[in-house]
1. Which residue pairs have Cβ atoms under 6 Å apart, sit 6 or more places apart or on different chains, and have a first residue in segment 124-152 that is on the phi < 0 side of the Ramachandran plot and in a loop (DSSP other than H, G, I, E, B) and a second that is charged (D, E, K, R) and surrounded by 14 or more Cβ atoms within 10 Å (Cβ to Cβ)?
2. Limited to segment 89-122, what total is found for residues that are touching a residue at least 12 places away in the same chain (Cβ under 8 Å), under 20 Å from Lys145 (Cβ atoms) and out of contact with any Lys or Arg (no Cβ under 9 Å at 6 or more places or on another chain)?
3. Regarding segment 93-109, can at least one residue be identified that is of a type in the set (Ser, Thr, Tyr), in a helix (DSSP H, G or I) and in contact with a strand residue (DSSP E or B) (Cβ under 8 Å, 6 or more places away or on another chain)?
4. Being over 16 Å from the mean Cα position of the chain (by Cα) and under 23 Å from Lys24 (Cα atoms), is that true of even one residue in segment 185-198?
Amino acid sequence: MAKSIISEGKTTNEAIENGLKQLKVSKKMVDIKVLENEEKRSFFSILAPRVVKVELTVKEQKEEKVREKREIKLTEEEQETARENVETFLKELKTNLPEDVEYKIEKTSTGLNVDLNSKNLGFLIGYRGETLYAVQNILSAIAGKGIQNRVRVILDIEGYKAKREKTLEDLAEKVAKTVIRTRKAVKLEPMQAYERKIIHSKLQQNSKVETYSVGEEPYRRIVISLKK
């Protein structure tokens, strides 16, 4: 059943905005019904505080389907160019990082794997890896300089990704057991696309539960429910 709430405000717009904040969704993700309009006020209520009530109902979201993208293979020359581009950038970046920072660049058929290691790089990881993925995007753009094909750069810092993947896989199993026991669907907190993919993959072979994503970025999240 779609989620609905009733929100109040001094004007229709204020009531809608208050409701959107509660639901943490955008306006285009809900159906809006005005229950009490500021213009429809009786003579006896003219001295009462003005209150507008609206009902917001979250629209049903289509299941997220993970599409397989055709990966473009890079030539040896393109791989080496990408490596040189990234190494030049990292040498410069390293001068602004802790002295013990080390980096490793590995060429692949689709791009590069880059590892940064130190004991003081938490600020480059950020909350839930947000900064790490921003840096990864920058490296991808730098790696592709002078190359026609898209260069895919996979960045990891202090082994963060492996730790995060293990955390998400454990979470998926724990929530799946809860769903099976209570027979109630559970909606997880908003996650980035790569994190949702880990959850989907972990529970793909589970015969009792299914996963799908709802909402829009950056509030898109996974729902784990019993299979119908």
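All of the numbers you see were taken from the coordinates with simple rules; none came from a lab. All of these numbers come straight from a predicted model, not from anything done at the bench. Cβ sites come from the backbone with ideal geometry, for glycine too, and all protein chains shown count toward neighbours.
1. These pairs meet every condition: Ile147/Glu78.
2. 2
3. no
4. The answer is yes; a qualifying residue exists.
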